[in-house]
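Below is one structure, written out as structure tokens; the observations come after it.
The values are calculated or read from the model by the stated rules, or taken from the named source; none is laboratory data. Predicted model, so just to flag it, every value in this text is computed and none were measured. We place every Cβ from the backbone using ideal geometry, glycine too, and count neighbours over all the protein chains shown. The accessibility values were calculated without ligands, DNA or RNA, using every heavy atom of the protein model including side chains. Shrake-Rupley method; radii C 1.70, N 1.55, O 1.52, S 1.80 Å.
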Amino acid sequence: MKLIRSTKCSLKFTTKKKMLELNTILTEYGKVVNFFIQHFWSDLNNIPSKSQLLKPLVDLPETWLSARLRKVAAREAIDMVLATKQRWKDKPNKMVVPVHKGNRMYVSCTIADLVPTRNSGYKTEESRLFDAWLHIASVGNKMIIDLPIKYHKHFNKYNNIGKRLNSYIITKNYVQFSFEIITESKKGG
């Protein structure tokens, strides 16, 4: 049986400059998600599937975010609208438009990659203090950020018994990693 487990690694070691850049990205990402929510909310019966997110739709918002990140934002908006629609299907008059607060973003390996410090090419004293860098690129505006990640007991436990998935939830305070863990099937009673 497959289980998905997650753990969070703090961003408390990140410099102020990198935190400002991350906050700028998160704020803009939130604005773009909200743009797509409003766009999809205007016609709840014609919400596109994620495979229908083509260039004309992804290019709608005026933003400096890259096409990759705009597509991720559109996917998150679709999920939020469909979840709201599903939750209130029995009471449609109580439905309210969901709002993304701009405090987190879901990214995959097309945007971010976890690079162990021994493979990163950084030869500074600072790089020896951390176990990995979360390399965030393809954001737009020629922005590239390397966030320092220090593993902990919980992360190492899941990393040893499972396979780390290549998607991340990035917030202002932490990065959440997910692991796929294979377990034995339940025993019959």
Looking across segment 61-95 at residues that are buried (at least 17 other Cβ atoms within 10 Å of the Cβ), among the hydrophobic types (A, V, I, L, M, F, W, C) and touching a Phe, Trp or Tyr at 6+ places or on another chain (Cβ under 8 Å), the single one that is nearest to residue 167 (Cα to Cα) is 72
So, first residue closer than 18 Å to residue 69 by Cβ in segment 30-42, second residue outside any helix (DSSP H, G or I) and open to solvent by 80 Å² or more (accessible area, probe 1.4 Å), Cβ within less than 6 Å, six or more apart or across chains; the pairs are none
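Residues in segment 1-11 that are assigned to a loop (DSSP other than H, G, I, E, B) and open to solvent by 100 Å² or more (accessible area, probe 1.4 Å): how many? Explain how you work it out, then say what you get.
First, the residues of segment 1-11 that are assigned to a loop (DSSP other than H, G, I, E, B): 1, 11.
Next cut, open to solvent by 100 Å² or more (accessible area, probe 1.4 Å) only: 1.
Count: 1.
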Filter segment 12-60 for residues that are among the aromatic types (Phe, Trp, Tyr) and open to solvent by less than 40 Å² (accessible area, probe 1.4 Å); the one that is farthest from the chain's Cα centre (by Cα) is 40
